[in-house]
1. Among the listed residues Tyr23, Tyr15, which satisfies the condition of being surrounded by fewer than 11 Cβ atoms within 10 Å (Cβ to Cβ) and within 19 Å of the chain's Cα centre (by Cα)?
2. Counting only residues that are without any contact (Cβ under 8 Å) to a residue 12 or more places away in the chain and touching a helix residue (DSSP H, G or I) at 6+ places or on another chain (Cβ under 8 Å), which one in the range 33-47 is surrounded by the most Cβ atoms within 10 Å (Cβ to Cβ)?
3. Taking Ser58 and the conditions (1) surrounded by fewer than 11 Cβ atoms within 10 Å (Cβ to Cβ); (2) touching a Ser or Thr at 6+ places or on another chain (Cβ under 6 Å), which numbered condition does it fall short on, given that it satisfies the others?
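No lab work stands behind these numbers, since they all come straight from the coordinates. This one's a predicted model, so the numbers in the text were calculated from it and none came from an experiment. Here Cβ is always computed from backbone atoms with ideal geometry, including for glycine, and neighbour counts include all displayed protein chains.
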Amino acid sequence: MVTGQLLGLSMFVTYILSKIRAYKLYRQTVSELSELSDRELADLGIARFDIARVARESAFA
């Protein structure tokens, strides 16, 4: 029984850490894209209002 509980705890911690990493990637992507000019974003095919969506798709896909 203890082994099962440890496995469950380990899986939970792994899940939480993966969500934290994804959120950090999301914030980093938003930050980096926000620093680009509208022209640079257009070259990438991204409108400024799409930054959050693009970052979300990148981090949580």
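1. On the way: Tyr23 fails: surrounded by fewer than 11 Cβ atoms within 10 Å (Cβ to Cβ).
Only one candidate qualifies: Tyr15.
2. As a first pass, look at the range 33-47 and keep what is without any contact (Cβ under 8 Å) to a residue 12 or more places away in the chain: 35-45, 47.
With the extra rule that they be touching a helix residue (DSSP H, G or I) at 6+ places or on another chain (Cβ under 8 Å), the set shrinks to 38, 41, 47.
Working: Asp38: 10, Leu41: 17, Ala47: 12.
So, considering only residues that are without any contact (Cβ under 8 Å) to a residue 12 or more places away in the chain and touching a helix residue (DSSP H, G or I) at 6+ places or on another chain (Cβ under 8 Å), the one surrounded by the most Cβ atoms within 10 Å (Cβ to Cβ) is Leu41.
3. So Ser58 meets the others, but not (1).
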